[in-house]
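Novice: I'd like to ask some things about the structure below.
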Amino acid sequence: MLVVASPGQDTALVIRNTLMGGRAAGIATGIGVVFGQAAWGLATSAGIGALIVASQPAFLALRLSGAAYLVFLGSSSLFQAARHTSPQLAGTGPLARSMHTSTALRQGTLSNLGNPKMIVFFLSLLPQFASSFISLELHALLFSCLTLIWLTLYAVAVAKASRALLRPRVR
């Protein structure tokens, strides 16, 4: 639980997307993060994670692509703030919200898949508790479920506090 509750790039992205698109976007981001974790859990269980970490070029490519994606997300946020655009959803109705939640889902997934610390974490933690493919995957899924619960609670709390957080002085 300490690892799940410690803030990182996924938590920051949930906060950002909740403020920009509401609670649904924050929860969709958390679901995307869990998709990424499930993929890393599967890669670790199948031994692919160890190959990526052992291969210097593959691990470097993962690190650089993850960093580039974070720079893209950050610069997009700064550009939007500089333009003084509203942090609320553009457009109205369920279509606009569903399009934004799909974007949030994608961002959560890509953010987690581009985070090299996740694969190192899964490689160092999971084998201590399990040794077979099934038990490794079950532990990874448990970790992902705990993450989803935590990030959902985070999104709900940020959505409730959004009025205060979106004041111009705070932004």
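Novice: Might you work out the accessible area of F59 for me, using a 1.4 Å probe with all protein chains in place, and round it to the nearest 10 Å²?
Specialist: 40
Novice: Could you pull the accessible area for V34 with a 1.4 Å probe, rounded to 10 Å²?
Specialist: 20
Novice: Next question. For the stretch 5-81, restrict the atom set to alpha-carbon positions and state the Rg and Dmax in Å.
Specialist: 14.7, 43
Novice: Right, something else. Counting helices only, and only those DSSP H runs with n ≥ 4, report the 222 nm mean residue ellipticity of the chain as the sum of -39,500 (n - 2.57) divided by its residues, in deg cm²/dmol to the nearest 500.
Specialist: -27500 deg cm²/dmol
Novice: Give the angle, between 0 and 90 degrees and rounded to the nearest 10, that separates the Cα long axis of helix 93-113 from the longest principal axis of the Cα atoms of the chain.
Specialist: The angle comes out near 40 degrees.
Novice: With only alpha-carbon atoms in the gyration tensor, what are the semi-axes of the equivalent ellipsoid for the chain, in Å, largest first?
Specialist: Semi-axes, largest first: 31, 18, 13 Å.
Novice: What's the angle, to the nearest 10 degrees (0 to 90), between helix 23-46's Cα axis and the longest principal axis of the chain?
Specialist: It is inclined by approximately 10 degrees.
Novice: Go through the stretch 104-162 and name the trypsin sites (Lys or Arg not before Pro) that are in a DSSP coil and have 10 or fewer other Cβ atoms within 10 Å of their Cβ.
Specialist: Sparse-neighbourhood loop trypsin sites (Lys or Arg not before Pro): none present.
Novice: Roughly how many debye, to the nearest 20, is the charge dipole of the chain about its Cα centre, given +1 on each Lys and Arg Cβ, -1 on each Asp and Glu Cβ, and no other charges?
Specialist: Charge dipole of the chain: 820 debye, to the nearest 20.
The values are calculated or read from the model by the stated rules, or taken from the named source; none is laboratory data. Bear in mind that the values here come from a model prediction, so they are computed numbers and not experimental data. Methodologically, a virtual Cβ is constructed for each residue, glycine included, from the backbone with ideal geometry; neighbour enumeration extends over all protein chains shown. For accessibility, only protein heavy atoms count, side chains too; no ligands or nucleic acids. Shrake-Rupley method; radii C 1.70, N 1.55, O 1.52, S 1.80 Å.
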